[in-house]
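Report on the structure given below.
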Amino acid sequence: MTDEKFEEYLNERYRPAIGYYESQATTNKRMYNRFQWSVIIISAVMPVLVVSTNQTDYFRWAAAGLSVLLAIGTSALKAFKFQENWMNFRQIAETLKQERYFYEAEIGAYAAAPDKLALFVDRVESLISRENAIWVNVHQQKEEKSKER
C-alpha cells in the first residue's frame, strides 16, 4: 500500500468511522441519560401524587398519566438499549484511536510487521466488522425476546 493510498484510507474510511462511532456514542449517552433521569424523577413524584389522589381528580389523572410515561420510559430503556449502544460505540471509537497510536509508535503487532500500512488497514477493518457483528447480535437478541412475549 502506498503512502498516498494510506492517506486516502485515513481520510475516507478511518477518520469518518471514528466520527460516526463518537457521534453515535454521544447520541446514545444523551438518550440514555434523558430516559433514565425521566424514569427517576417520575418514580420520585408518583408516591406524592398517589397520596394526594383523594383530593381531586386532577391528581388521579396526573398519577395515571405519569404511570403511563413511567412504563414507556422504562420500556424504551430496555427496547432501544441506549446504554449498551453508548458503551459499544464509545469502546469501538476508543479502540480505533488506540490502533492509530500503536501504529505510529510501532508497538504491539506493528513492531515487527513488514507492511505496517496494510496491517493497520486490516486491523481497523476487523474492528469495524467486529463492531457490526456485535451490534447485529445485540439487536437480534432484542427481537427474539420481543417475539417470545
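The values are calculated or read from the model by the stated rules, or taken from the named source; none is laboratory data. Since the structure is predicted, the reported quantities are computational estimates derived from the model, not experimental observations. Neighbour counts are summed over all protein chains in view; Cβ atoms, including those assigned to glycine, are modelled from backbone coordinates with ideal geometry. Ligands, DNA and RNA are stripped out before the accessible areas are found, and what is left, the full protein with its side chains, is counted by its heavy atoms. Shrake-Rupley method; radii C 1.70, N 1.55, O 1.52, S 1.80 Å.
At a glance:
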| item | result |
| --- | --- |
| Choice from Val124, Val39, Val68 showing the highest fluctuation, given a GNM over the chain with Cα pairs closer than 10 Å | Val68 |
| Nearest-0.05 FRET efficiency for Ile72 and Glu94, computed from C-beta distance (R0 25 Å) | 0.20 |
| Percent carbon-and-sulfur accessible area, segment 63-145, ignoring ligands, DNA and RNA, probe 1.4 Å | 58 percent |
| The chain: C-alpha pair distances exceeding 28 Å, % | 45 percent |
| Among Ser129, Ser38, Ser52: highest mean-square fluctuation, GNM of the chain, C-alpha pairs under 10 Å | Ser52 |
| Fraction of the pair-distance distribution of segment 63-149 above 22 Å, Cα-Cα pairs, percent | 49 percent |
| Solvent-accessible area of Phe35 with every protein chain in place, 1.4 Å probe, in Å² to the nearest 10 | 50 Å² |
| Approximate spin-label separation Asn33-Tyr101, in nm, with each point projected 7 Å along Cα-to-Cβ | 2.3 nm |
| Heavy-atom accessible area per residue - the chain, 1.4 Å, Å² | 66 Å² |
